[in-house]
Amino acid sequence: MSDDKERTVELHYEGGVLKLPVFTGTEGENTVELKTLLGSTGMTTLDPGFGNTASCSSKITYIDGAAGILRYRGYPIEDLAVHSTFLETAYLVIYGELPEPGQLKEFSDKLRDNADIPAEMGAFIDAMPRNGHPMALMASAVNTLAAYYADSADPGDEEQVELATIRLMAKLPTIASRIYRNSIGETPIDPDDSLDYVDNFIRMTFGDNAPTGELGDLFNKAVGMLLVLHADHELNCSTATVRVVGSSQADIFASVASGINALSGPSHGGANQAVLEMLEEIRDSGISIEDFLEKVKSREVRLMGFGHRVYKNFDPRSKEIKVLASQILDRDENPDELFALALKLEAAALEDSYFTERKLYPNVDFYTGVIYRTMGFPTNMFTVLFAIGRLPGWVAHYREQLHDPAFRIARPRQHYIGSAERRHPSQG
Ligand code: ACO
């Protein structure tokens with residue numbers, strides 16, 4: 001936040017004129033500070049979905065939705081996706097700088113050393129309903145980390161927050177793969193500290209069925225890149241949730257578990273599952289793309305994987321993912337049928353004024369599902385992969401908030417439209 005309090009806007013209201021300071025960010029929109037509004041005027045603001053509200057100042061991620069720009073700590077997502085691994089990106093997002101080789105080794109070693117989960121926690125995960133949605137199971141498991149690791153649950157102790165950061169990053173893939181193995185009735189596989197982060201996750205998930213050779217390398221690269229593309233996205237629904245929960249001084253495990261729950265909804269991270277289900281439904285029902293788009297336009301259904309609160313242009317992540325999808329799914333004479341369908345659906349939508357006038361473009365979720373499906377992940381695991389990718393962002397925002405001088409418990413106001421005072425029946 002700039003402390004350039006010279007610039008102001010004036011609010012003219014019945015009681016007078018209120019001067020409100022305007023802050024200039026490094027880039028992007030200027031921000032009007034409303035701290036004095038209620039006290040001075042007796043009025044609040046109404047902003048459903050917080051579409052116009054900056055709830056904090058942040059140094060982590062910059063998005064220009066009109067231009068389709070996304071940067072983590074200043075670095076363009078296109079460069080990170082191609083030139084940085086997921087661990088390098090996670091380090092950047094959490095600690096603010098790309099790691100030097102020694103820092104990366106130390107980070108990576110700590111994650112390897114902490115990848116195991118306690119036997120009791122494994123038993124707890126194994127006892128959960130095996131056909132339950134993995135997002136529900138993962139959120140529950142992450143919530144219990146505060147119980148297993150009470151020595152790193154104090155938000156007021158920097159060393160504990162750092163230890164919890166490592167534990168979360170290290171253990172989430174172990175938890176996710178265990179939930180998956182249970183769901184298919186297979187024995188969970190323990191982490192292997194000789195493997196890197198992504199390889200280890202793939203190995204714990206698929207065991208001996210993990211692809212090897214050229215295909216294995218391609219899958220590893222693809223999973224790594226997808227995690228990089230998901231690593232942060234400023235104040236999205238789940239990250240805002242992590243901040244809100246953390247603002248009550250709840251520990252980082254509880255806050256991240258809440259973020260996982262927020263991510264699970266189909267309007268947010270759950271969209272990648274919903275896209276694949278939509279593509280399968282179009283294929284299985286035999287409906288034409290034109291007729292399906294008519295259903296979308298008549299508001300019978302939404303075109304999942306399209307539209308975004310911030311991007312009013314191509315989501316830069318979706319461009320990278322589309323390239324990745326064609327590398328994986330278009331490799332031989334018979335391209336993947338759902339990928340081919342998605343390409344046609346995108347092309348038809350982008351030629352239709354309903355979508356162009358509303359600036360609806362493919363978002364990050366449009367092509368991820370078809371890639372994950374080819375890798376062998378069941379649809380209900382797609383959002384789990386999103387969560388593993390998003391974890392650095394959640395953790396970075398939680399930590400940034402702890403050091404924000406403007407930090408207060410999140411407590412929005414409301415515009416009350418209920419009954420005025422009424423007489424209770426007992427009062428006659
Ligand atoms: N299909 C059809 N119409 C849409 C879609 C869509 N996917 N998205 C938006 N619209 C229409 C709305 O009906 C509205 O039209 P109107 O002005 O005529 O009423 C207009 O576009 C603006 O849409 P809003 O709902 O106001 O946009 P909002 O910013 O609130 O919602 C959201 C954004 C939730 C992402 C929405 O675009 C959507 O539901 N998309 C599908 C789900 C999805 O892909 N979610 C993943 C988002 S990315 C992520 O969270 C990781």
- helices (runs of 4 or more DSSP H) wholly in the stretch 217-307 with at least 3 residues that are within 12 Å of the ligand (Cβ to nearest atom) and touching a residue at least 40 places away in the same chain (Cβ under 8 Å) - which ones? 237-246, 271-285, 289-297
- Report whether or not VAL395 is touching a helix residue (DSSP H, G or I) at 6+ places or on another chain (Cβ under 6 Å), modelled with pLDDT of 95 or more and among the β-branched types (Val, Ile, Thr). yes
- Exactly one of GLY185, GLY122, GLY156 is in a helix (DSSP H, G or I), surrounded by fewer than 20 Cβ atoms within 10 Å (Cβ to Cβ) and more than 21 Å from the chain's Cα centre (by Cα), and that one is GLY122
- Sole residue being surrounded by fewer than 22 Cβ atoms within 10 Å (Cβ to Cβ) and among the polar types (S, T, N, Q), chosen from THR144, THR174: THR144
- Mind checking which helices (runs of 4 or more DSSP H) fall wholly inside the stretch 314-370 and carry at least 2 residues that are more than 9 Å from the ligand (Cβ to nearest atom) and polar (S, T, N, Q)? 316-329, 353-357
- Scan of the stretch 125-153 for residues that are of a type in the set (A, V, I, L, M, F, W, C), outside any helix (DSSP H, G or I) and in contact (Cβ under 8 Å) with a residue 60 or more places away in the chain, ordered by number: ALA153
- Query: Looking at PRO412, PRO405, PRO378, PRO425, which is the one that is farther than 30 Å from TYR72 by Cα and either more than 16 Å from the ligand (Cβ to nearest atom) or over 25 Å from the mean Cα position of the chain (by Cα) (or both)?
  - Reply: PRO425
- Message: Quick check on this structure: which one of ARG167, ARG203 is closer than 17 Å to ILE388 by Cα, among the charged types (D, E, K, R) and in contact with a Ser or Thr (Cβ under 8 Å, 6 or more places away or on another chain)?
- Response: ARG167
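The values are calculated or read from the model by the stated rules, or taken from the named source; none is laboratory data. Nothing here was measured: the structure is a model prediction, and the numbers come from that model. We place every Cβ from the backbone using ideal geometry, glycine too, and count neighbours over all the protein chains shown.
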